[in-house]
């Protein structure tokens, strides 16, 4: 008689009926074939970064007033063959360290001096950061409180969601498509924190996988130090101060400070940071002395944190609004994603293995960055850009836990209750999501009535052009459809799929409304300046001065590749022109770029001048030197 076989017990409970969707089956297939999984993840990742960062990157001109400052300073490094001191318009520019200029200059030499080359470093920074978030979540994106191990395919889903949320938000897309240093700092900052956690979580591999004398954990930590050094060269001391504060707070919270301090080996990492950063600072101080230290370390770092600079002050709740709008729609899920972590119950996290602490690390990253810049006196929307990846990780873990959850019994530590509260939080967040999108749809639809009251001297016809373009209709229609989709998912108790309708709606808005609206704005705001710049290249006489009166548009300096004089006030313009008229060796004419309503103040209504070009709200005039000499002889002053 054959021996009786004992029935084989399943190692894990069967998935719920709802989890047997095409998406889950697809991820389970990838679990069996990791190569195929990485191929499809790479395909989705490529589509996301192309839509968010690369599509139409150079399709519009540079945007005044900040972007051309960086673009021209980078070009000047090549022209002057000076890679130490940045210059703009024949004057030193000490606002930022040199890394962004170096990268732009290299991009120029590879692809030519154009808008695409200007913005490529920012786009690449966003791509690298998004890729690291993808890898980080694929390795360590595990459920926070589940008693049973997460299905391996859950990490594929978490990784894709995290990468998507990192890339598909207005704040990241805006700064990844602008040639300034903010996205570069965010990329270095986020990459330093991501590689730190990868090293922290690979503690168990500390004695294995050696390469060039470094263990796997050591390599991650050295990469973290490298990104910190690059951040210091991109923005300054904040790139080491803020990550240090975040890591310190996290390690103290989980009770791992001394252990990880020894693993970090700061006696090896900090010299590497100094080796990569100090030489340039020494060279630039040698070349410019106290002028650099007072401007960069004093005004652009210490003063910006302690006092309000350039009238960039804001109330304490400013960054709540910036995150709400800039990280929408994912910002609506952040309260639920953070609340479910139960930060006040520290023991829940201290007992967990390192690889399961990503959620609390992302919370430290998000909260630390938010508090740091809220305390700072000077406030700008771009300052909280570095916390967007942390928010994306938190929201991705929230949705992933819901997508892959299995039935569980309540544990003694209340973990089941925690997960239930997370689901209730997701329900509330879903209704907030619905309300936000619905209000947005109504606001866009009603803008037909009030949009014409918007006044911008640089583009007076833009509001009416936007209204007549039909883009507002499509924006309202897309938002209304997204709101309907959200409502149906909530009513059908399928809240875990809310991310899908939001992603579809966001991409539709980006491609069908925001991109065309940006091109329309460029046509009205920046195209006239490019047209005038082309005329200047053709019509400007040798040694003829160019004055820009009543405003500053640095794009003209970049596109003409010629210096000019900026005058905000009519009085200072008069003084300069009268001094110019008395110079015997000065050219016989001067070019003045201004607006028509300024001609009377300059006394040029009835005076002889040539209208060289008129474009948009700007006029370019050639005025004889004799005109101002006659005014001086008549005793006519400013």
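The values are calculated or read from the model by the stated rules, or taken from the named source; none is laboratory data. Being a predicted model, the structure only gives us computed values, none of them experimental. Methodologically, a virtual Cβ is constructed for each residue, glycine included, from the backbone with ideal geometry; neighbour enumeration extends over all protein chains shown.
State the number of residues belonging to the stretch 64-122 that are part of a helix (DSSP H, G or I) and either in contact with a strand residue (DSSP E or B) (Cβ under 7 Å, 6 or more places away or on another chain) or assigned by TED's automatic domain parsing to the domain that holds residue 557 (or both).
So in the stretch 64-122, the residues part of a helix (DSSP H, G or I) come out as 67-80, 99-111, 115-122.
Narrowing the set further to residues that are either in contact with a strand residue (DSSP E or B) (Cβ under 7 Å, 6 or more places away or on another chain) or assigned by TED's automatic domain parsing to the domain that holds residue 557 (or both) leaves 69, 72-73, 76, 80.
Residues flagged as part of a helix (DSSP H, G or I) and either in contact with a strand residue (DSSP E or B) (Cβ under 7 Å, 6 or more places away or on another chain) or assigned by TED's automatic domain parsing to the domain that holds residue 557 (or both) within the stretch 64-122 amount to 5.
Under the condition of being at pLDDT 95 or above and part of a loop (DSSP other than H, G, I, E, B), which residue from the stretch 138-178 is nearest to residue 384 (Cα to Cα)?
So, considering only residues that are at pLDDT 95 or above and part of a loop (DSSP other than H, G, I, E, B), the one nearest to residue 384 (Cα to Cα) is 169.
Would you mind telling me which numbered condition in (1) assigned to a helix (DSSP H, G or I); (2) without any contact (Cβ under 8 Å) to a residue 40 or more places away in the chain residue 249 fails?
With (1) assigned to a helix (DSSP H, G or I); (2) without any contact (Cβ under 8 Å) to a residue 40 or more places away in the chain applied to residue 249, the lone miss is (2).
Does at least one position in the stretch 308-322 carry a residue that is more than 24 Å from the chain's Cα centre (by Cα), buried (at least 19 other Cβ atoms within 10 Å of the Cβ) and outside the structural domain of residue 425 (by TED's automatic domain parsing)?
Going through the stretch 308-322, the residues more than 24 Å from the chain's Cα centre (by Cα) turn out to be none.
No, because not a single residue in the stretch 308-322 is more than 24 Å from the chain's Cα centre (by Cα), buried (at least 19 other Cβ atoms within 10 Å of the Cβ) and outside the structural domain of residue 425 (by TED's automatic domain parsing).
Across the stretch 42-63, what is the total count of residues that are more than 30 Å from residue 458 (Cα to Cα) and either surrounded by fewer than 19 Cβ atoms within 10 Å (Cβ to Cβ) or touching a strand residue (DSSP E or B) at 6+ places or on another chain (Cβ under 7 Å) (or both)? Talk me through it step by step, then tell me what you get.
Applying the first criterion (more than 30 Å from residue 458 (Cα to Cα)) to the stretch 42-63 yields 42-50.
Pick out the ones that are also either surrounded by fewer than 19 Cβ atoms within 10 Å (Cβ to Cβ) or touching a strand residue (DSSP E or B) at 6+ places or on another chain (Cβ under 7 Å) (or both) and you get 42-44, 46-47, 50.
Residues meeting the conditions: 6.
Can you tell me which residue among 230, 226 is modelled with pLDDT of 95 or more, farther than 13 Å from residue 269 by Cβ and touching a helix residue (DSSP H, G or I) at 6+ places or on another chain (Cβ under 9 Å)?
Going through 230, 226 in turn, just one is modelled with pLDDT of 95 or more, farther than 13 Å from residue 269 by Cβ and touching a helix residue (DSSP H, G or I) at 6+ places or on another chain (Cβ under 9 Å): 230.
If only one of 509, 488, 498, 520 is without any contact (Cβ under 8 Å) to a residue 12 or more places away in the chain, in the same structural domain as residue 470 (by TED's automatic domain parsing) and either over 23 Å from the mean Cα position of the chain (by Cα) or assigned to a helix (DSSP H, G or I) (or both), which one is it? Reasoning before the result, please.
Details: 509 fails: without any contact (Cβ under 8 Å) to a residue 12 or more places away in the chain; 498 fails: without any contact (Cβ under 8 Å) to a residue 12 or more places away in the chain; 520 fails: without any contact (Cβ under 8 Å) to a residue 12 or more places away in the chain.
The conditions single out 488.
I'd like to check something: does the stretch 237-250 contain any residue that is under 20 Å from residue 216 (Cα atoms), assigned by TED's automatic domain parsing to the domain that holds residue 200 and modelled with pLDDT of 95 or more? Reasoning before the result, please.
Filtering the stretch 237-250 for residues under 20 Å from residue 216 (Cα atoms) gives 247.
Now drop any that are not assigned by TED's automatic domain parsing to the domain that holds residue 200, which leaves 247.
Those left that are additionally modelled with pLDDT of 95 or more: 247.
Yes; the residues of the stretch 237-250 include at least one that is under 20 Å from residue 216 (Cα atoms), assigned by TED's automatic domain parsing to the domain that holds residue 200 and modelled with pLDDT of 95 or more.
Using the structure shown, decide if residue 337 is part of a loop (DSSP other than H, G, I, E, B) and assigned by TED's automatic domain parsing to the domain that holds residue 367. I'd like the intermediate steps shown before the answer.
Numbers: part of a loop (DSSP other than H, G, I, E, B): no; assigned by TED's automatic domain parsing to the domain that holds residue 367: yes.
So residue 337 fails the test.
Would you check which residues across the stretch 523-558 are farther than 16 Å from residue 458 by Cβ and assigned to a loop (DSSP other than H, G, I, E, B) and list them? Steps first, please.
Going residue by residue through the stretch 523-558, those that are farther than 16 Å from residue 458 by Cβ are 534-547, 557-558.
Within the stretch 523-558, 540, 541, 542, 543, 544, 545 qualify.
Criterion first (in contact (Cβ under 8 Å) with a residue 40 or more places away in the chain and under 19 Å from residue 329 (Cα atoms)) does residue 483 satisfy it? Break it down into steps so the answer makes sense when it comes.
Details: in contact (Cβ under 8 Å) with a residue 40 or more places away in the chain: yes; under 19 Å from residue 329 (Cα atoms): yes.
For residue 483, the condition - in contact (Cβ under 8 Å) with a residue 40 or more places away in the chain and under 19 Å from residue 329 (Cα atoms) - is met.
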